[in-house]
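The values are calculated or read from the model by the stated rules, or taken from the named source; none is laboratory data. Quick caveat: nothing in here was measured; it's all calculated off a predicted structure. Note that we place each Cβ from the backbone using ideal geometry, even for glycine, and neighbour counts take in every protein chain shown. Heads up: the accessible areas ignore ligands, DNA and RNA and are worked out on the full protein's heavy atoms, side chains in. Shrake-Rupley method; radii C 1.70, N 1.55, O 1.52, S 1.80 Å.
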Amino acid sequence: MAAVFITGTGTGVGKTFVAAGLVRCFRELRQPVNALKPLVSGFDPEAPSGSDPAVLLEALGREVTPEELQRISPWRFRAPVSPDMAARMEHRTIDFDAVADFCGAAIAKHSGTLLIEGIGGVMVPLDKRHTVLDVMVALHLPVILVAGSYVGTLSHVLCAQDVVLRHALDLRAIVVSETEDARVSLDATLTSLANFTRAALFGVRRQRPGAHNDAVFRQVAKVIG
């Protein structure tokens, strides 16, 4: 069994796009795969279609039902803000140990590849004391870091990389997901990043998806193992 944690440099950079692409890749390879997104904000229970959990379920070939949503994303919040803020707005709190235990139980019982997608960026707060990084440290899984290709992403990637490596986590790959209407090209972003990382480095295209991305996801799948 291989399990990996998919995190990002921030919100909206393409974590779910990458996670769903990898799910479809493993399914095409006829390898067992599952995906979780334990926490999600900006979730409308009256219109779940198009939400991150729904995208993952559709990639897995499963229906978007309340039961399936609860199975892969137990902590769902309406407000499109950080999870600690979203929980506070609903007079709720996030039990960090429960989140870690939920992921740990899934890792223990799954026999194929398990993709666990985080929320927001590496340092997004979950409560008064914990961030997404604390979940990553508790699980101690290989990490895939997803970033955009916008101006400013180089610093964001290198800061996130520094934090991950300082906590002795296995940064298995960095995937740059093309940002719409970015002022720099995806290839230029990858060229610059290659000077500052030893992790496997990949780029996926959002504006012209297709065979290129299929090949990239197969390469990332090999890195996961």
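Of ILE94, ILE116, ILE72, the residue with the greatest mean-square motion in the GNM of the chain, using alpha carbon springs below 10 Å, is ILE94.
Taking amide H as placed 1.01 Å from N in the peptide plane, LEU36 has its amide H under 5 Å from the amide H of LEU115, ILE116, GLU117, each at least 5 places away in sequence or on another chain.
Between HIS140 and ARG205, how high is the FRET efficiency from 1/(1 + (r/R0)^6) when r is the Cβ-Cβ distance and R₀ = 25 Å? Nearest 0.05. Display every interim value, and only then the final one.
Values: r = 32 Å, r/R0 = 1.28.
Taking R0 as 25 Å, the efficiency between HIS140 and ARG205 is 0.20.
Restricting the calculation to alpha carbons of segment 90-141 gives Rg and Dmax of 11.7, 37 angstrom. Were the residues from ALA215 through LYS109 laid out at 0.36 nm apart, the gain over their Cα-Cα distance would be 35.2 nm. Put simply, the amide H of VAL204, placed in the peptide plane, has neighbours under 5 Å in VAL176, SER177, GLU178, leaving out anything fewer than 5 places away on its chain.
Restricting to segment 1-157, compute how many DSSP beta bridges are antiparallel as a %, nearest 5.
Numbers: 1 of 16 bridges.
Around 5 percent of the beta bridges assigned by DSSP in segment 1-157 are antiparallel ones.
Note that segment 101-223 shows a convex hull volume over its alpha carbon atoms of 121 Å³ per residue.
Legend: helices of the chain (whole DSSP H runs) are marked when their alpha-carbon atoms reach 24 angstrom or more along the helix axis and their mean Kyte-Doolittle hydropathy is at least 1.6; nothing is marked. Taking amide H atoms as placed 1.01 Å from N in the peptide plane, the amide H of ALA3 lies under 5 Å from those of LEU114, each 5 or more residues away in sequence or on another chain.
Per DSSP H run of at least 4 residues, take -39500 (n - 2.57); add these up for the chain, divide by its residues and hand me the 222 nm value, nearest 500 deg cm²/dmol.
Computed ellipticity for the chain at 222 nm equals -12500 deg cm²/dmol.
Expressed as a whole percent, the accessible surface of the chain that belongs to carbon and sulfur atoms is 51, based on a 1.4 Å probe.
List the longest stretch of the chain that has no exposed loop site; here a site is one of the GluC sites (Glu not before Pro) assigned by DSSP to anything other than H, G, I, E or B, with at most 14 other Cβ within 10 Å. Longest site-free region, per DSSP loop and neighbour criteria: 91-179.
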